[in-house]
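The values are calculated or read from the model by the stated rules, or taken from the named source; none is laboratory data. Please read these numbers as outputs of a predicted model, since none were measured by experiment. Cβ placement follows ideal geometry from the backbone for every residue including glycine, while neighbour counts extend to all protein chains displayed. With ligands, DNA and RNA removed, areas are computed over all heavy atoms of the protein, side chains included. Shrake-Rupley method; radii C 1.70, N 1.55, O 1.52, S 1.80 Å.
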Amino acid sequence: MKTPESQREQKLTETLAREGYWPAQASQELKLGRFSRVVELCKEGLRSDPDSVSGRLIYATALYKADQFEDSCEELYLLLSKDPDNLAALKLLGDAKIQMGDEIEGLACYRRVL
């Protein structure tokens, strides 16, 4: 069941996507599981807007979901260099590190989230 807040967020994302905001478009594609399309949108968008935190997080998430853990980590490190306290990025980095067998680094990321 969707909360009123999540419904508002979804409507906002849909509106932004229709207006051409590439992170919103990529977010919608991510929800549909179209990882290659997300990667394409994000690579293109990040060329012109390399400081987009939301775009980089969506890109890293798509890479993670496509089992490209090392590439996902690279994107997350770039994101965290600009926004070191980004909880979503730290959590995803922890997940990726655990998937790669680096439990110590993964747990360190989780500790930072806490």
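Other residues with beta-carbon under 14 Å from the beta-carbon of K2 carry, at +1 per Lys or Arg and -1 per Asp or Glu, a net charge of 0. Atom-type composition of the exposed protein surface of the chain places 51 percent of the accessible area on carbon and sulfur (1.4 angstrom probe).
Across the range 27-114, C-alpha contacts under 8 Å between residues 6 or more apart give a mean separation that, scaled by the residue count, equals a relative contact order of 20 percent.
Could you please report the charge total around G106, scoring K, R as +1 and D, E as -1 over all other residues with beta-carbon less than 15 angstrom from its beta-carbon? In short, -1. Applying both filters, DSSP loop and at most 16 other Cβ atoms within 10 Å, to the GluC sites (Glu not before Pro) of the range 11-114 gives E19. Accessible area per residue for the chain is 63 Å², calculated with a 1.4 Å probe on protein heavy atoms, without ligands, DNA or RNA.
Across every direction, the projection of the convex hull enclosing the Cα atoms of the range 1-50 has a mean area of 3.8 nm². Using alpha carbon centroids, what distance separates the range 72-114 and the range 1-68, in Å? First find each Cα centre; the distance between them is then 19 Å.
Based on the reciprocal of the average 1/r between different C-alpha atoms, the Kirkwood radius for the range 47-114 equals 11.6 Å. Basic side chains Lys and Arg get +1 at the Cβ, acidic Asp and Glu get -1 at the Cβ, and with that the dipole of the chain about its Cα centre reaches some 420 debye. Dimensions of the chain based on its C-alpha atoms, expressed as ranges along the principal axes with the largest first, amount to 42, 34, 25 Å.
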